[in-house]
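Since the structure comes first, as structure tokens, the remarks are kept for the end.
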Amino acid sequence: MPSIKSHVVSLVLRYSRKKAFSSPENLQRWIAYARKTENHQPPASLHQRLEIATRSVDGFPVYEIAPKTGEQKRILYLHGGAYVFQITSYHWGLIADMADRLGFGITVPIYPIAPEHDFHAMFGMVGKVYRQMLDETEAQDIVFMGDSAGGNMAVVLTMMAAEEALPLPSRHVLISPGLDMSLANPEVFEAERNDPWLGIPGGLEAIRLYSAGIDPSDWRISPLYGDLSVLPKTLLLTGSRDMLTPDNLIFAQKAGAAGVEIEVVHEQGMFHVWPLIDMPEARRARDSIVTFLASDSESFHAKAGELALQRTGREVPAHSLSAPLRS
């Protein structure tokens, strides 16, 4: 049964944020207001917990988040916001929690957003960020994580990297991703009625603003129609009150049929990107993410230990190969 807090959050969203997606005009008004108030910088409290460095790619900030102690594994985190809104304190809260609990470094590009910029600028920038990560980190030690629009970007970026024969990330964590912008699935219209946050009219306007005239059914906009076989092992989190969920479940079926190892957390009663909100269901979702990614690290330690034994004839403890996971 959904928690009391989740019901309260749903009500607040329905009578506030959903208005932004009720019409193209409302979305434009919300964007104009957001430009006066948005601040992409990490909250001051994060600087006390984590090492934070900033650099620039194509004139846009990229934050490098490092826990006080940890591994060489890295997450490329692509924030949501319908391609038109900036990263928020809720995103930073999730990012800090993942850095603390996993001990991974996290790269956070503040990518160009619409309507000031479009698809080509967004992926031009995040593509450069990924190439720079590959210069420093093996692809097997890189995870793509994204929520909402950022989940879409994670999948599209992997497909683009595959086309360019670049090494691909080892895992995906997709939180309420938008994977089909074509509205080909009639179930989406029914799901919109139960969604306390998202709406089709404003969503279509956001797609128009960022897509640079690319057809919505093109895999670069709707990766559900791309080559899913190139995707890595994936954790997909989606809620029963999210209008994107019908397409997410189709994506999971198609990805599995294409040979992708995919785990789905389908949380009853949950709305869009609920793992970002401080409530019981979010804590449970974050535990699922940590388990999914930590198990990969444990497997990595075991394989590295086996390799060391083969090379030296001596057993090497896993903890001597890299810093232990934090929990």
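The values are calculated or read from the model by the stated rules, or taken from the named source; none is laboratory data. What you see is a predicted model; the values in this text were computed from it and never measured. Don't worry about glycine lacking a Cβ; one is built from the backbone with ideal geometry, like all the others, and counts go over all protein chains shown. The area values use the complete protein model at the heavy-atom level, side chains included, leaving out ligands, DNA and RNA. Shrake-Rupley method; radii C 1.70, N 1.55, O 1.52, S 1.80 Å.
Tabulated results
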read-out: Given (1) in contact (Cβ under 8 Å) with a residue 12 or more places away in the chain; (2) open to solvent by less than 80 Å² (accessible area, probe 1.4 Å); (3) under 22 Å from the mean Cα position of the chain (by Cα); (4) on the phi < 0 side of the Ramachandran plot, index of the condition Asn39 fails; value: (2)
read-out: Candidate set from segment 152-176 (those that are free of Cβ contacts under 8 Å to residues at least 24 places away in the same chain and of a type in the set (D, E, K, R)); member that is surrounded by the most Cβ atoms within 10 Å (Cβ to Cβ); value: Glu163
read-out: Single match in Arg29, Arg74 (criterion: open to solvent by 80 Å² or more (accessible area, probe 1.4 Å) and among the basic types (Lys, Arg)); value: Arg29
read-out: Test for Ala53: is it loosely packed, with under 13 Cβ neighbours inside 10 Å and either more than 16 Å from the chain's Cα centre (by Cα) or on the phi > 0 side of the Ramachandran plot (or both); value: yes
read-out: Criterion violated by Asn26 - all others in (1) in a loop (DSSP other than H, G, I, E, B); (2) touching a residue at least 40 places away in the same chain (Cβ under 8 Å); (3) of a type outside the set (A, V, I, L, M) satisfied; value: (1)
read-out: Flag for Ile200 being over 19 Å from Ala154 (Cα atoms) and among the β-branched types (Val, Ile, Thr); value: yes
read-out: Residues satisfying the stated conditions in segment 107-126, i.e. open to solvent by less than 10 Å² (accessible area, probe 1.4 Å) and part of a helix (DSSP H, G or I); value: Phe119, Met122, Met125, Val126
read-out: Residue in segment 78-97 that is under 21 Å from Val290 (Cβ atoms), open to solvent by 70 Å² or more (accessible area, probe 1.4 Å) and of a type in the set (Phe, Trp, Tyr) present; value: yes
